[in-house]
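The values are calculated or read from the model by the stated rules, or taken from the named source; none is laboratory data. The structure displayed is predicted, hence computed values, not measured ones. With ideal geometry, Cβ positions are generated from the backbone for all residues, glycine too; neighbour counts draw on all protein chains shown. With ligands, DNA and RNA removed, areas are computed over all heavy atoms of the protein, side chains included. Shrake-Rupley method; radii C 1.70, N 1.55, O 1.52, S 1.80 Å.
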Amino acid sequence: MSFPAHGALIDVTADKLVLHRTLLATSLGAPATQDIPLDSIGTVCVNEPTATGFGTLDLGAAGSIAFAPHQDPQAVARAIAAAQRGEAPSSATTIPGLDFTAVDVETANDNWGSICQIGAVRFRDGQETDSRSWLCAPPPGLEHFADINVSIHGITASDVEGAPAFADAAKELFDFLGGDVLVAHNVQFDSTALRSGLLTAGADVPTVPLACSLALARDASKTKVISVRNHKLPTVAAHLSAPDFNHHDATEDARAAGEIIARLAERFGHTGSIRDLFTAREFTLGRLDAAAILPVLRAHTAPTSGADLGTGTDFRDQTRAAGAKKKKPSGPAPWQAVATPDTIPEPNPDADPEGALYGQHVTLTGDFEPYDKGVLWQGIAERGAQVAKNVTKKTTLLIVGEWAKKTSKEKRAEELQAKGQEIDIWPADKLFAELQLDTEPPF
């Protein structure tokens, strides 16, 4: 359970107090977080704050904590006493007006649309009030269960025999969602998966506002509200003292994402709607609709329609838009079709480490018509790879697009291969398959 103190938020758990200090406190030299084991706390003495003066919570040899006027050290003392008696502290976090539904999906194979499980958890005032879970048969043509996916979530083809079709389960999901904002941890993935699955199934795609617990967690790290080694769902949830959960069960993952939103809202001192929470953190909400996925982005960079899509959104739609505008090379300058972009995107540190591109050093060569090379770079980086403009001694993967003859980069890669460097060479269509550019239904 969490309590506000002067310059900090206090979590009382079954075995320790965790002080999460504010940005101001850390700027003055205090550590961002501090653990105080319960067994180090002696007799607890409370000095209540007055209307104009500070109070303290004396923890004996473990030190003391300051409380500003109108804060409640006595509540912390009661929670400590309960935890020392072995009574599990309550994890409930009440944030008036913070209403949303958290969602997670699991997929049968590496096609994002191959959804085989959906979980949804409704939150009201920052607390769970209801939940639903659906096992479902993936959309037609996407029914294959890959071994790697089964090893992650444990769902097999036999588990979904007789289960409702994905489109039917999705309809129930959106009925459950109602008018809520849909929250997920990396909502770009879950919303893209839902949209892709619906399009594959020939079903209608609703218009749904989106919020992202991953984006909010990264913002909290940037502003020193939390300090975590990475922003993966289990890492952030554990840091915020959310209940333990079975990772890769869709409903439990959805619940964890919702807990992250609620607990970060408390850390930010927020009350009110989830839209106001993201606005206060200078984000705009994203949107799922039939035309595109609009991402959750910083307000000054966020697009307002599918025509404005930029880096960080569903790059598959970007590549189509770029391809529709692009002309095939003609005349004396075919190199214009493969011009190298200026900005190299950073690898996504939270990408799936089991992915074929994760950790690779990747270079593109040739023409990738109709896809824009810069947007392909973004898709590669989103999967945890380092993009490079040239083939070097660090290169592990060269992707070769169409070209009239062997390019200088391909020749260089072959030279390094001959010297013993391990470099894989992929054709363009293998990259398109990995980025799922070859599996979306036509629009």
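Descriptive notes on the structure:
- Test result for Pro139, in a loop (DSSP other than H, G, I, E, B) and crowded, with 19+ Cβ neighbours inside 10 Å: yes
- The criterion of being closer than 25 Å to Glu382 by Cα, hydrophobic (A, V, I, L, M, F, W, C) and assigned to a helix (DSSP H, G or I) does not hold for Ile118.
- Filter result for Leu376 (within 26 Å of Asn230 (Cβ to Cβ), modelled with pLDDT under 90 and surrounded by 17 or more Cβ atoms within 10 Å (Cβ to Cβ)): yes
- Sole exception among (1) open to solvent by less than 50 Å² (accessible area, probe 1.4 Å); (2) more than 23 Å from Ser227 (Cα to Cα) for Gln74, by number: (1)
- Residues that are open to solvent by 50 Å² or more (accessible area, probe 1.4 Å) and either touching a Phe, Trp or Tyr at 6+ places or on another chain (Cβ under 7 Å) or among the polar types (S, T, N, Q) (or both) were ranked within the stretch 165-187; the one that is modelled with the highest pLDDT is Glu172.
- When the stretch 11-45 is limited to residues that are among the β-branched types (Val, Ile, Thr) and open to solvent by 40 Å² or more (accessible area, probe 1.4 Å), the one that is nearest to Gln74 (Cα to Cα) turns out to be Val44.
- Sub-6 Å Cβ pairs linking a first residue in the stretch 251-263 that is touching a residue at least 40 places away in the same chain (Cβ under 8 Å) and farther than 11 Å from Gly126 by Cα to a second residue that is in a helix (DSSP H, G or I) and open to solvent by less than 10 Å² (accessible area, probe 1.4 Å), at least 6 apart or interchain, are Ala256/Ala237; Ala257/Ser213, ordered by first then second residue.
- For the stretch 122-133, the set of residues classified as without any contact (Cβ under 8 Å) to a residue 60 or more places away in the chain and within 30 Å of Thr200 (Cβ to Cβ) consists of Arg122, Asp130, listed by residue number.
- Of the residues making up the stretch 241-296, those that are modelled with pLDDT under 90, open to solvent by less than 30 Å² (accessible area, probe 1.4 Å) and out of contact with any Gly (no Cβ under 6 Å at 6 or more places or on another chain) are Ala242, Ile293.
Condition check ((1) touching a residue at least 60 places away in the same chain (Cβ under 8 Å); (2) open to solvent by 10 Å² or more (accessible area, probe 1.4 Å); (3) assigned to a strand (DSSP E or B)) across all residues:
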position	(1), (2), (3)
Phe189	yes, yes, no
Ala193	yes, no, no
Ser196	yes, no, no
Leu199	yes, yes, no
Pro209	yes, yes, yes
Leu216	yes, no, no
Ile226	yes, no, no
